[in-house]
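The next block holds one structure in the form of structure tokens; read it before the comments.
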Amino acid sequence: MLNKFLRNALALFVLTGATVSCSDQDDTKLSDTARLTVRLTDAPGDYDHVYVDVQDVMINPSEDPESGWVSLENVNTGVYDLLKLTGGENVLLADVELPAGKLGQVRLVLGEENSVVIDGEQHALKTPSSQQSGLKILLNETVEAGYTYNIVLDFDVDASVVIAGASGIKSLKPVIHASSVATSGIISGKVEPVGFDVKVSVEGQGISAYTDEGGNFFLYGVPGGTYDLMVAPDPTQGYANAVATGVTVTNGETTVLETILLPELTDGYNVFGKVTKEDMPFAAFTAKLVTGTDENMTEYEAVYSTDGGFTFYNVPVGSYSLEITPDEEGATATTQTVEVAEGEVNYIDLGAIAL
């Protein structure tokens, strides 16, 4: 499905600790406890649905990875569709009080009702036996009473759902990255026009999100600093990519951007494809589109997705050489000629390219 080409999802578990109010008779409790909420949110992925069976959320205040695990009380267990939680929407998984002190790790315990829907067909996701006791995420945060803490766990859906090349067996191998909003910030904004997928990435940080149906996006866990945002629409929709420059992020705060407008294609074409490698969910590579020679050479940079997809935006009519080089020591480039000619549509689908 063409509208799935550039998708790279991520799910976020937002843990927020807030001050607990109490009476004068409870001053001791106030001095050594904080409130912790656990929320689940997501951005679209390369599937119709991704269902995750959440059975428990555990924390480990100790530095010992094997002992000291405690289940949070009243966890809202159930099967959640990660791809419905977009545009800042989230689900509250737990709301508890915690003693002040070390918060070393969080463990997300999944059940057996995990599945993925691809082109309308539902497939069970097998979970490796090594992860059935729960996926452990390292935090190493110090929780102090009277302060607010926001811990973001980034659930990379495309990297977590693994489809074996030969057998087609589908497995869930969760890939989750942790960051602290206390030591990072959030970027929110809107992209127009709406009605199709747009990927927004923080350059050089490996952080990205997709717009929801209203064009809204949220980028969590961005370290304080100034960045450029790369805005890449579905290449079949008639728009080129855009760059939002000089976006300043302050730790612990949300940066709200003005609406980002995508430029409409006029004379150029979007050229895209997907690199595949046997028995691998995606391949690491570099793609270049080159025309001319020596001082007259023009090179176009690709925009990538984690499933092996690549896109060159707004390419003029002409003859080009496509060079794909695997990120492996001693690897040689695969080359092919690409002709960009006037046509009824303003995109060229190169299809799958095997390494």
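Taking a sphere under 14 Å around the Cβ of Leu261 and counting the other residues whose Cβ falls inside, with K and R at +1 and D and E at -1, yields a net charge of -2. By the Kirkwood approach, averaging reciprocal distances over each pair of separate Cα atoms, the range 202-355 gets a hydrodynamic radius of 17.3 Å. If a paramagnetic tag sat 7 Å from the Cα of Glu258 along the Cα-Cβ line, which residues of the range 183-203 would have the backbone N under 15 Å from that point? In the range 183-203, the label zone of Glu258 (backbone N under 15 Å from the point 7 Å along Cα→Cβ) covers 189-192.
Give me the net charge for the shell around Ala284: Cβ to Cβ below 13 angstrom, other residues only, Lys and Arg +1, Asp and Glu -1. Every neighbour counted, the sum reads -3. Taking 32 Å as the limit for the C-alpha separation, the pairs Lys190/Lys277; Lys199/Lys277; Lys199/Lys288; Lys190/Lys288; Lys102/Lys190; Lys136/Lys288 exceed it in the case of Lys190/Lys277; Lys102/Lys190; Lys136/Lys288.
Which order do the peptides 68-75, 267-274 come out in when sorted by mean C-beta neighbours inside 10 angstrom, highest first?
So the order, starting with the most tightly packed, is 267-274, 68-75.
Amide H contacts under 5 Å for Leu350: Phe272, Gly273, restricted to partners 5 or more places along the chain or on a different chain, H placed in the peptide plane at 1.01 Å from N.
Where a number appears in this text, it was derived from the coordinates with a stated rule and is not lab data. Computed from a prediction, not measured in an experiment: that's the story for all the values here. Every residue, glycine as well, gets a Cβ built from its backbone with ideal geometry; the counts of neighbours run over all protein chains shown.
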